[in-house]
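Reviewing the structure listed below.
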Amino acid sequence: MKYFSDLLRVVLCMLGALLLVEVVMRASGERFQASFYISEPERGYALRPRAEGWNVGEQENYVRINSRGLRDREHDLKRPRNTLRIAVIGDSETEAVQVPLEQTYFSVAERELNSTLPSGSPKVEVINFGVGGYGLGPQYLTLKEQVWKYDPQIVIVADPIDALIMRSSRRLFFGDSFGAPFFVIHDGNLEFDPQTAAQRNTPTGSNPRQAWTADLMNQSRLLSLVNSARVRAGNNFRQMTAGFQAKAAAVSAFPVDYWRTYPYYGPVNADLKDAWAVSEALILALRDEATSHNAEFWLFMLDMPGQVDPDPQAAANLRKRLGVETLFRGEQLLGDFAAHAGIRHMALAPELTRYATARNVVIHGFKGMPRNTGHLNENGHRVVGQLIAKALRESSRSLAREPLESR
């Protein structure tokens, strides 16, 4: 009995010490990165329904994921009467965990449209399906498997050119994609690449214990610290392993910063030609999927930080370093492709550059970060939302129609 009583005292002392550490950490105001994702068989991973906690990567911001796994407020599945719904699909710029929900570009666009459309127009409701790290592959599956539940009349894909191209090809995406699917073109058709096909033959879906554990970690400062350290160590290991794999695959000829430089060039080598071909095929698949559901499809090309530096000399230096005449070649090529395919589209980078230069403000990055780096900040989201609303207001056929009833 003495053994068990001693063991109980030890356990109680440990629990008391951990509780004290938790109280001290809370009192100090220290915050750590929360967990927002969960494994998902179709897209590899997705946002976890009802997850909430602090995002501290670039700026401290409290994030809530709604009950259906969207970084958005709650939306009924059934579209209300006299309401025009817009579904926005994208990557981390659209997920936008760096800024409060009301400051995200999709929230700005919704307010702009509702405040400027003529009297009698349907109410506009914008729903955000953005997930960090998604390329066009998982975005296409999001459209097929998630978006139509909400019956939108307009579908928007909004990504920077690096995400549109680089994340379309596993050949240019070394490292861990966390199970996100990739496509290849085989005999003129889009197919899952071999690794994705193998993953889908042995799916590993989420389980309640995984979600419960993640929610518990988000509620505890101490567990969040442990989780942050675990994630950081795992990311470092994956990056190191990816470097070894790259060398083993004889791709060490890629420049160290190829991810930040290749999007500016267009399809100038075999790897980029493959990525461009898959990207274009996925954009057509997204368009066709939207058309099959009688929805209007838009492609908005967001910007990369280097394109929108308000310092003209910085932009000139980047062009010189890359050996290019323009920083918008990717957008020009993809815009030409979209125009030929009859896809409504807009490249935002030139407009954002003019805005940033005229006001001498950076639209990427936050306090304490290197200048003009990272994700869109509050200024960037506001201008992007206004530009998207303006384009839709002027050119959307759906917005020009009579008030719509639920189908």
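Observations on the structure shown:
- Near pairs, Cβ below 8 angstrom, 6+ apart or cross-chain, from the range 274-293 (under 17 Å from Ala87 (Cα atoms)) to any residue that is assigned to a helix (DSSP H, G or I) and charged (D, E, K, R): Glu289/Lys144
- All told, Ser121 meets the bar of being in contact (Cβ under 8 Å) with a residue 40 or more places away in the chain and out of contact with any Phe, Trp or Tyr (no Cβ under 9 Å at 6 or more places or on another chain).
- Count - residues of the range 175-188 that are under 14 Å from Gly137 (Cα atoms) and not aliphatic (A, V, I, L, M): 6
- Residue among Leu223, Leu216 that alone is surrounded by 14 or more Cβ atoms within 10 Å (Cβ to Cβ), more than 30 Å from Ala315 (Cα to Cα), at pLDDT below 90 and over 24 Å from the mean Cα position of the chain (by Cα): Leu223
- Matching residues in the range 315-338 - criterion: being free of Cβ contacts under 8 Å to residues at least 40 places away in the same chain and under 20 Å from Gly380 (Cα atoms): Ala315, Phe328
- Cβ-Cβ contacts under 9 Å between residues 6 or more apart (or on different chains), taken from a first residue in the range 351-379 that is closer than 21 Å to Val97 by Cβ and free of Cβ contacts under 8 Å to residues at least 12 places away in the same chain to a second residue that is of a type outside the set (Ser, Thr, Tyr) and assigned to a loop (DSSP other than H, G, I, E, B), are listed as Gly368/Glu58; Gly368/Gln59.
- Just one of the listed residues (Ser107, Ser177) is among the hydroxyl-bearing types (Ser, Thr, Tyr), in contact (Cβ under 8 Å) with a residue 24 or more places away in the chain, closer than 21 Å to Leu272 by Cα and surrounded by fewer than 23 Cβ atoms within 10 Å (Cβ to Cβ), and it is Ser177.
- Condition check for Val155: touching an Asp or Glu at 6+ places or on another chain (Cβ under 9 Å) and farther than 25 Å from Glu331 by Cα: no
- Of all residues in the range 112-124 being in contact with a helix residue (DSSP H, G or I) (Cβ under 7 Å, 6 or more places away or on another chain) and crowded, with 20+ Cβ neighbours inside 10 Å, the one that is nearest to Asp76 (Cα to Cα): Val124
- Verdict on Val99 being under 27 Å from Ser396 (Cα atoms), touching a residue at least 24 places away in the same chain (Cβ under 8 Å) and buried (at least 23 other Cβ atoms within 10 Å of the Cβ): no
- Test: residue in the range 153-172 that is surrounded by fewer than 22 Cβ atoms within 10 Å (Cβ to Cβ) and either of a type in the set (Ser, Thr, Tyr) or over 24 Å from Gly306 (Cβ atoms) (or both): no
- Residue satisfying condition, being within 13 Å of the chain's Cα centre (by Cα) and small (Gly, Ala, Ser), within set Gly135, Gly69, Gly120: Gly135
- Only residues that are in a loop (DSSP other than H, G, I, E, B) and at pLDDT 90 or above were counted across the range 162-187, and they come to 7.
The values are calculated or read from the model by the stated rules, or taken from the named source; none is laboratory data. Note that the coordinates shown come from a computational prediction; the quantities given were computed from them, not determined experimentally. Quick reminder, even Gly has a Cβ in these numbers, built from the backbone with ideal geometry, and neighbours come from all protein chains shown.
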